[in-house]
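Okay, structure first, notes after.
What follows is calculated from the coordinates using simple rules that are stated; it is not laboratory data. Please read all numbers here as calculations on a predicted model, not as lab measurements. Neighbour counts are summed over all protein chains in view; Cβ atoms, including those assigned to glycine, are modelled from backbone coordinates with ideal geometry.
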Amino acid sequence: MRTLGGRYQLVNRIGLGGMSEVWRGHDRVLDRPVAVKIMAPAVEGTLGQVGVDLVRTEARSAARLAHPNVAAVHDFGTSPSAERDVPYIVMELVDGQTLSAHLAAGRLDWRITVRICAEVAAALAAAHAQQVVHRDIKPANIMLTPAGAKVLDFGIAAAVGSPDPDPDGPVMGTPAYIAPERFDGLPATPAADMFALGTLLYHCLSGTLPWSARSHTEMVMAQRFEDPLPLPHIDGLPPEVLDLCSRCLSREPSERPTALVAALLLAEAVDARVYVPLVDLGMETERPSVISPWDAQAAAEATTPAPVHPEPMAQPAGGSGERVGRHRRS
């Protein structure tokens, strides 16, 4: 059984992508199950230091987010191979099925859809508050678990406003979910993630994508010059959800709502609870400008065993009020 970093045993492969594999692993130090993402053998010898840097950037992007709807990152490392070190990320092992697996059976009930998208929007709000743009929100990167939706794979995440490393190369992401402005060479912004969220919401509600196309090229052209197909009538779907979906799919980035607004609106539509960054709500608590000397001294005291005080006995009825204590034996 292969072991990485002298600590993480790879048990069995549970996922395979274009550039990486995900393995169910076991952390021998903390004795817990983990997920280990490692570069696929077909590409591990072709990217060199660039590959290590990409994986390290992914690990750092996700590790900055402590949120219930984001799969947690535990560790990053490299493992020696025949030619060069291979990078890997150790993550929370998320049990469940991807949203794409559920959509394979058809569209979802609108209440389930709205709850899932509220949680995804909350995860994006946390990412955007940390100046991170995911850039690859799609059903395959959303895991549905008993505890709610989990956003996975920050493999092509970028800092807000950062340009693509290769401006003349292909746009990173999945074509059906890429915002139109990205094909014009504009840098990644939170609005691009919101376009993907709108596409996700539409896809779950209808079972189809917002634009009909037979190729990636047709899809890109339709996104840039055509309005999305009307959603079919769905009994009970609140009109504010329809409006939000439409605004997310706007070709103009400035017309799309923020992830924070989307999370709160969608959660309210199904009476769900989401966790959003308080700093974005302007709810930072005012702190006293002066700390009392006693508080400062008490907070700085070294940790010591608490003294054992005498335990007071009950006062006899009609007594003088004097309490008689008894000491514990040491």
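What are the residues whose amide H is under 5 Å from the amide H of Val86, where those residues sit 5 or more places off or on another chain and H is modelled from the backbone?
Ser79, Ser81
Provide Thr113, Thr258 in ascending order of the number of other Cβ atoms located within 10 Å of each residue's Cβ, fewest first.
Ranking Thr113, Thr258 by Cβ neighbours within 10 Å, fewest first, gives Thr258, Thr113.
Would you mind pulling out the separation of the Cα centroids of the range 73-148 and the range 230-262, in Å?
22
When a footprinting reagent is the concern and you count Cβ atoms within 10 Å, what order do Thr217, Thr174 take, fewest first?
Ascending number of Cβ neighbours within 10 Å: Thr217, Thr174.
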